Amino acid sequence: MLKLFPAVDVLGGKAVRLYQGDYNKETVYAARPLDAAKRFFDEGGEFLHAVDLDGAKAGKPVNDKEIGEMIRFSGMKTEVGGGIRTEDDIKKYLDMGAARVILGTAALENVGFLSEMAQKYKEKICVGVDAKDGMVATRGWLDVSNVDAFEFLKSVRNLGVKGVIYTDIARDGAMQGTNMEAYKKLRTIEGLDIVASGGICRYEELLTLNDMGIYGAILGKALYTGALNLKKALSALSEGVC
């Protein structure tokens, strides 16, 4: 069954959502990120997606204190991303109890590092690909490379990475649905556990992703605005109906 990852993005020590990755278009949803995480746990959540937005820009962990609290006290298996560029960063979060860490910019800019970390930490390493018009964006979505996201994910698979998160930046926070065509294409890459991210706002989308064999889905703004309810989403998946 499709695994659901409610998202808690941390900026300035608070839980926020951005619109299409724009740091100037933030909405604060909780003064304490842990409060947001506990809410999702109370609604039946098993997994959590935590991102250090300040860290993504700075290239190093910034809100690790707040994220550490969520890892230790939320009750959920937490994956962490944002500014993780060194093995020390990886070890820091794994020592805190993170289920896995997400490499984004570091994965694109240092393939040797990605390969080494994937071999050493295996399933605890996940690659996050944020795409703008099909090209990989880095550094908190501030820079767009000339690397095709689909081809990059094929190369990542060949390095031994299994878990990947694909976000269509144009859909993120827009509440206009996710990019199903992208996931249909990505599903053709054998050996990857794909997590869909960006714009999911309807229960029907979750059922479609589940039927496609997608591994997981990250839910952000839709949960905070009430367009989706985590408990209802989990129920819909288990029963196969909205």
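The values are calculated or read from the model by the stated rules, or taken from the named source; none is laboratory data. In this text, all values refer to a predicted model and were calculated from it rather than measured experimentally. Here the Cβ is made from the backbone with ideal geometry for all residues, glycine too, and neighbour counts use every protein chain on show. Protein only, heavy atoms only, side chains kept; ligands, DNA and RNA dropped before computing areas. Shrake-Rupley method; radii C 1.70, N 1.55, O 1.52, S 1.80 Å.
At-a-glance table
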read-out	value
Where labels lie 7 Å past Cα in the beta-carbon direction, separation of ASP88 and MET1 in nm	4.2 nm
D (Stokes-Einstein, µm²/s), Kirkwood Cα radius, the chain, 1.002 mPa s at 20 °C	123 µm²/s
Sites ASP95 and MET180 - FRET efficiency at Förster radius 45 Å, r taken between beta-carbons, to 0.05	0.75
Which of ASP143, ASP133 is most accessible, then next, and so on - probe 1.4 Å	ASP133, ASP143
Distance-filtered residues of segment 87-126 - backbone nitrogen under 14 Å, label point 7 angstrom along LYS77 Cα→Cβ	98-101, 123-126
Relative contact order (percent, whole number), the chain, Cα cutoff 8 Å, 6+ residue spacing	19 percent
Cα centroid of segment 148-166 to Cα centroid of segment 1-76, whole Å	24 Å
ARG187-PHE113 FRET efficiency (beta carbon distance; Förster radius 22 Å; 0.05 resolution)	0.20
Extension gain (nm, one decimal) between GLU151 and VAL241, 0.36 nm per residue minus Cα-Cα	29.0 nm
Filter on LYS185/LYS231; LYS122/LYS185; LYS38/LYS122; LYS132/LYS154; LYS77/LYS122 - keep pairs with C-alpha separation over 21 Å	LYS185/LYS231; LYS122/LYS185; LYS38/LYS122
GluC sites (Glu not before Pro) lying in DSSP loop within segment 162-224, provided at most 11 other Cβ fall within 10 Å	GLU190
Note, ³J(HN,Hα) from phi for segment 96-108, Karplus 6.51, -1.76, 1.60, rounded to Hz, x at Gly and Pro	6, x, 4, 6, 7, 10, 10, 9, x, 4, 4, 5, 6
ALA227 paired with VAL144, simple spin-label distance in nm, labels 7 Å along Cα-to-beta-carbon	2.2 nm
HN-Hα J in Hz across segment 63-78 - Karplus 6.51, -1.76, 1.60, θ = phi - 60°, x for Gly and Pro	9, 5, 5, 5, 5, x, 4, 5, 4, 7, 10, 7, x, 10, 6, 10
Accessible heavy-atom area order of ARG32, ARG39, highest first, probe of 1.4 Å	ARG32, ARG39
Cβ-Cβ FRET estimate between ASP133 and MET212, R0 fixed at 22 Å, reported to 0.05	0.45
For segment 23-33, 3J(HN,Hα) per residue [Karplus equation, 6.51 cos²θ - 1.76 cosθ + 1.60, θ = phi - 60°, Hz, x = Gly/Pro]	5, 8, 10, 10, 10, 7, 10, 7, 5, 10, x
